[in-house]
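Just below is one structure, and these are the notes that go with it.
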Amino acid sequence: SQKIEQNSEALNIQEGKTATLTCNYTNYSPAYLQWYRQDPGRGPVFLLLIRENEKEKRKERLKVTFDTTLKQSLFHITASQPADSATYLCALGGMEYGNKLVFGAGTILRVKS
Amino acid sequence: GAGVSQSPRYKVAKRGQDVALRCDPISGHVSLFWYQQALGQGPEFLTYFQNEAQLDKSGLPSDRFFAERPEGSVSTLKIQRTQQEDSAVYLCASSFTGLTGELFFGEGSRLTVL
């Protein structure tokens, strides 16, 4: 079965630095990969989508890369702010994932001022 | 409304009770999903509707779980004879474009079974 791995330990960084979060998967590459942000007690909020034929996507301070050879996606937040503190979830989809979004467990990011 | 609305936000049930969780998706969104999220884990897929048709229910953990969307809008997730292991946050999401588009999640219904 497909397995999705995100950093299990929380990532603590200083304000202004770049945060890099990792999403690794086994077996089949997804047709697309999405990143969501989740705050405590709230539902996930969509951030970015990247397709299997795309290497990189950017949106404001966010950047996502997708390497099908390494079976890995990296999620970067540049010039991080305390307000970026949250749990970040990666989610994979496509035919090999039963045509539904399959989520990782998420990584907690803490940005300290 | 502007977003996906779920009710109740919090539900405490005694073991063995039946519960019903409601989801009101964004108007015009044909796809609706239910996910279950345990503490410290990512959302786990339960079931998927396209309009009123339930196209995938492979994630429902047992036959005690039942979901419906009779008119292709509001959906209800029903859990019969609740067990302690059913305690979780139940998230509803809707999408305009179907399976590959971004999901718009509600705030979730937190179920605690005593």
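The values are calculated or read from the model by the stated rules, or taken from the named source; none is laboratory data. All of these numbers come straight from a predicted model, not from anything done at the bench. Backbone-built Cβ (ideal geometry, glycine too); neighbour counts: all protein chains shown. Only protein heavy atoms, including side chains, enter the accessible area calculation; ligands, DNA and RNA are left aside. Shrake-Rupley method; radii C 1.70, N 1.55, O 1.52, S 1.80 Å.
Put simply, the amide H of B:Ser31, placed in the peptide plane, has neighbours under 5 Å in B:Asn51, B:Ser95, B:Gly98, leaving out anything fewer than 5 places away on its chain. Using the Stokes-Einstein relation with a Kirkwood hydrodynamic radius computed over Cα pairs, the translational diffusion coefficient of region A:4-112 at 10 °C and a viscosity of 1.306 mPa s comes to 114 µm²/s.
Please report the antiparallel percentage of the DSSP beta bridges confined to chain B, to the nearest 5.
The answer is about 90 percent antiparallel.
Can you tell me the convex hull volume per residue for the protein assembly as shown, based on C-alpha atoms, in Å³ to the nearest whole number?
Measuring per residue, one finds 125 Å³ for the Cα hull of the protein assembly as shown.
Buried accessible surface for the A/B chain pair comes to about 1500 Å², total over both chains, computed with a 1.4 Å probe.
When only alpha carbons are used to place a centre, region B:3-61 and region A:75-113 end up 21 Å from one another. Here the Gaussian network model covers chain A, with springs between Cα atoms less than 10 Å apart; of A:Gly16, A:Gly94, A:Gly43, A:Gly43 fluctuates the most.
Please enumerate, by chain and number, the lysines with C-alpha under 29 Å from the C-alpha of B:Lys11, excluding those fewer than 8 residues away in the same chain. The qualifying lysines are A:Lys100, B:Lys57, B:Lys78.
Could you tell me the calculated FRET efficiency between A:Glu56 and A:Glu96, based on Cβ-Cβ distance and R0 = 30 angstrom, to the nearest 0.05? Once the sixth-power term is evaluated, E becomes 0.85.
Once neighbouring chains are kept in place and the probe is 1.4 Å, which whole percent of the accessible area of region B:36-114 is contributed by carbon and sulfur? Carbon-and-sulfur percentage of accessible area, whole number: 49.
For chain A, the solvent-accessible area of protein heavy atoms averages 51 Å² per residue (probe radius 1.4 Å; ligands and nucleic acids excluded).
Using a Förster distance of 30 Å, how high is the FRET efficiency between B:Leu39 and A:Ser29, based on the Cβ-Cβ distance and rounded to 0.05? E(calc), rounded to 0.05, equals 0.50. Ranking A:Ala86, A:Thr69, B:Val19 by Cα position along the charge dipole of the protein assembly as shown, where only Lys, Arg, Asp and Glu carry charges on their C-beta atoms, puts A:Ala86 farthest toward the positive end.
Largest first, the extents of the alpha carbon coordinates of chain B on the three principal axes equal 38, 24, 23 Å. Using protein chains only (no ligands, no nucleic acids) and a 1.4 Å probe, work out which residues of region B:72-114 have their accessible area cut by at least 30 Å² relative to the chain alone. Listed in order, they are B:Leu99, B:Thr100, B:Glu102, B:Leu103, B:Phe105, B:Glu107. Rounded to the nearest 20 debye, the dipole magnitude of region A:1-87 is 200 debye, with +1 charges on Lys and Arg beta carbons, -1 on Asp and Glu beta carbons, and the Cα centre as origin. Where in region A:25-50 is the amide nitrogen less than 18 Å from a point lying 7 Å along the Cα-to-Cβ axis of B:Thr112? A:40-42, by backbone N distance to the label point.
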